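Bear in mind these aren't lab numbers, they're just calculated from the coordinates by the rules spelled out. Only a predicted model underlies this, so the values are computations on that prediction, with no experimental measurement involved. Every residue, glycine as well, gets a Cβ built from its backbone with ideal geometry; the counts of neighbours run over all protein chains shown.
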Amino acid sequence: MAQSIVAYVDAALDDAAIGHIHKRVFAIVTVGLFFDVVDFIILGSLVPDMVRSNFATPAEIGTVGTAQIIGLFTGAIGQGEFTDRLGRKRIY
């Protein structure tokens, strides 16, 4: 009985060994996501103190949070454009 392409690819991926390049790519992606998470954690942990000390109003904090998300989104789109033009390894 013939094996479907999906079954073949599934079996090939299940049987594939994880090599050095896989570990390196995983580490690079993990570091990138780490800095995105740190960005959110820093803002989230500073919000109560900024409001309590009257440094910013809740509406201003919302604006900063929105700007943060828009900045991450814009950076992701921009990085995709730059990596296509200049090379993924160099840009990342």
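From helices alone, the chain scores -28500 deg cm²/dmol at 222 nm; the rule is -39500 (n - 2.57) for each run of n ≥ 4 DSSP H residues, then divide by the residue total.
Would you mind checking the tilt of helix 20-52 against the longest principal axis of the Cα atoms of the chain, expressed as 0 to 90 degrees and rounded to 10? Rounded to the nearest ten degrees, it is 20. Remark: the chain carries a charge dipole of roughly 360 debye about the Cα centre, counting +1 on each Lys and Arg Cβ and -1 on each Asp and Glu Cβ.
A simple count of charges around I42, restricted to other residues whose Cβ falls under 12 Å of its Cβ and scoring Lys, Arg +1 and Asp, Glu -1, yields -3. Treating r as the C-beta distance of R88 and A67 and R0 as 25 Å, the FRET efficiency rounds to 0.40.
Note on Rg and Dmax of the Cα atoms in Å: of the candidates (1) 28.9, 81; (2) 21.0, 72; (3) 12.8, 35, the value calculated from this structure sits at (2). Rounded to the nearest 10 degrees, the inclination of helix 58-86 to the longest alpha-carbon principal axis of the chain is 30 degrees. Cβ crowding within 10 Å ranks L46, L33 as L33, L46, fewest other Cβ atoms first.
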